[in-house]
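> I'd like to ask you about the structure that follows.
The values are calculated or read from the model by the stated rules, or taken from the named source; none is laboratory data. None of these values were measured; they are calculated from a predicted model. We place every Cβ from the backbone using ideal geometry, glycine too, and count neighbours over all the protein chains shown.
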Amino acid sequence: MKRALITGVTGQDGAYLSQFLLHKGYEVYGLLRRSAASDVIGAKLRWLGIQNDVRLVDGNLTDLSSLIRILREVKPDEIYNLAAQSFVKSSWNQPLLTGTVTGIGAANVLEAVRLDAPQARFYQASSSEMYGLVREPVQSETTPFYPRSPYAVAKLYAHWMTVNYRESFGLHATSGILFNHESPLRGIEFVTRKVTDGAARIKLGLQRELGLGNIDARRDWGHARDYVEAMWLMLQQDKPDDYVIATGRTTTVRDMCRIAFEHVGLKADDHIVIKPEFFRPAEVDILQGNPAKAKAMLGWQARTTLEEMIHEMVDADLARVRREMN
Ligand code: GDP
């Protein structure tokens, strides 16, 4: 039986990846950061019905000794580093924390792997935000990076540390450059979930308006459930490498809103209000990924369309809001 250790196990991707690996017969361990809000911590794992199947271990990305202890105890075959301060807008408010967790945190995991689990396979959750002010209209593994937020700068450091540890120490260290990926488990602060939750609340008469920022921004949105399979496929390859994971289609926030509101028989234009507080100091205007390498090397491609995913999210939010109302 293979053993996996996941950091960020309580987040969207951690939950879906745990579910995927459990189905494959893995023993799944999740790094759990101590927090007073322990009642909400397992919410995503609970939603998938796997809260009792994931073995949570106490540690922190910023505490190298805790990582070393956990690697010695768990002896994982595969390590997925998904933990991060991952909300771009917050990264301007907490730039140093973002650098410490999202950047140095990844280096800590790599150090622990080098010292105590050099045979294990390592996955780093890199991000399309690293392309930022895009240097090419469609971004691939060879497109130069131009990060546009403290978050993206931190992710870039973690990405290059992953490449460097692969080249310096021969670690099986892989970086997956994932474009935006969403689901009913997406955090409420991200725009897709904010919109699907808003559409549900407006439909059920709880609010009339939804405040948003730059709705001309374009993103290449896929489904997290599809994307965690790509993470696993990357670690099954003989050689570590870097892969772009994307759908290849780009859509404006405006059109994504239209899809969500139409699903509940409403017009987005009647409810969306543009508010300055949701704009960012520097914006990533457009992202569109080229997943050709992932298709050729991993046999992976996105399965869920944006429409299917947004409908699933709106339906889940309708059910959730109805439950809250009762
Ligand atoms: P990101 O790509 O990781 O920053 O994912 P987000 O879902 O947070 O944002 C995607 C895009 O939606 C960005 O270009 C945001 O500027 C834009 N956007 C417009 N209005 C909002 C909003 O109210 N909240 C968020 N989170 N993003 C918004």
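> Any idea which of Ser65, Ser18 is surrounded by fewer than 19 Cβ atoms within 10 Å (Cβ to Cβ) and either among the hydroxyl-bearing types (Ser, Thr, Tyr) or closer than 25 Å to Leu178 by Cα (or both)?
Criteria check complete, one pass: Ser65.
> Of the residues in region 15-47, how many are closer than 19 Å to Met231 by Cα and part of a loop (DSSP other than H, G, I, E, B)?
Residues meeting the conditions: 3.
> Kindly provide the set of residues from region 141-184 that are in a loop (DSSP other than H, G, I, E, B) and out of contact with any strand residue (DSSP E or B) (no Cβ under 7 Å at 6 or more places or on another chain), ordered by number.
Once the filter is applied, which keeps residues that are in a loop (DSSP other than H, G, I, E, B) and out of contact with any strand residue (DSSP E or B) (no Cβ under 7 Å at 6 or more places or on another chain), region 141-184 yields Thr142, Thr143, Pro144, Phe145, Tyr146, Pro147, Arg148, Ser149, Gly170, Pro184.
> Can you pull out the residues in region 131-153 that are surrounded by 20 or more Cβ atoms within 10 Å (Cβ to Cβ) and away from the ligand (no atom under 11 Å from the Cβ)?
Once the filter is applied, which keeps residues that are surrounded by 20 or more Cβ atoms within 10 Å (Cβ to Cβ) and away from the ligand (no atom under 11 Å from the Cβ), region 131-153 yields Gln139, Phe145, Pro147, Pro150, Val153.
> I've got another one for you. Quick check on my filter: what residues within region 233-274 are under 21 Å from Gly8 (Cβ atoms) and either more than 14 Å from the chain's Cα centre (by Cα) or small (Gly, Ala, Ser) (or both)?
Leu233, Met234, Leu235, Gln236, Pro240, Asp242, Tyr243, Ala246
> Looking at this structure, is Ser128 more than 15 Å from the ligand (Cβ to nearest atom) and touching a strand residue (DSSP E or B) at 6+ places or on another chain (Cβ under 7 Å)?
So Ser128 fails the test.
> Within region 164-190, which residues are among the hydrophobic types (A, V, I, L, M, F, W, C), within 16 Å of the ligand (Cβ to nearest atom) and surrounded by 22 or more Cβ atoms within 10 Å (Cβ to Cβ)?
Scanning region 164-190 gives Ile177, Leu178, Phe179.
> Additional query: So, restricting to strands (runs of 3 or more DSSP E) that lie completely within region 55-133, which ones have at least 2 residues that are at pLDDT 95 or above and touching a Ser or Thr at 6+ places or on another chain (Cβ under 8 Å)?
Counting at least 2 such residues, we get 78-81, 121-127.
> If we only count strands (runs of 3 or more DSSP E) wholly inside region 195-299, which ones have 2 or more residues that are in contact (Cβ under 8 Å) with a residue 60 or more places away in the chain and away from the ligand (no atom under 16 Å from the Cβ)?
242-245
> For region 22-47, name all the residues that are buried (at least 19 other Cβ atoms within 10 Å of the Cβ) and of a type in the set (A, V, I, L, M, F, W, C).
Passing the criteria: Val28, Leu31, Leu32, Leu45.
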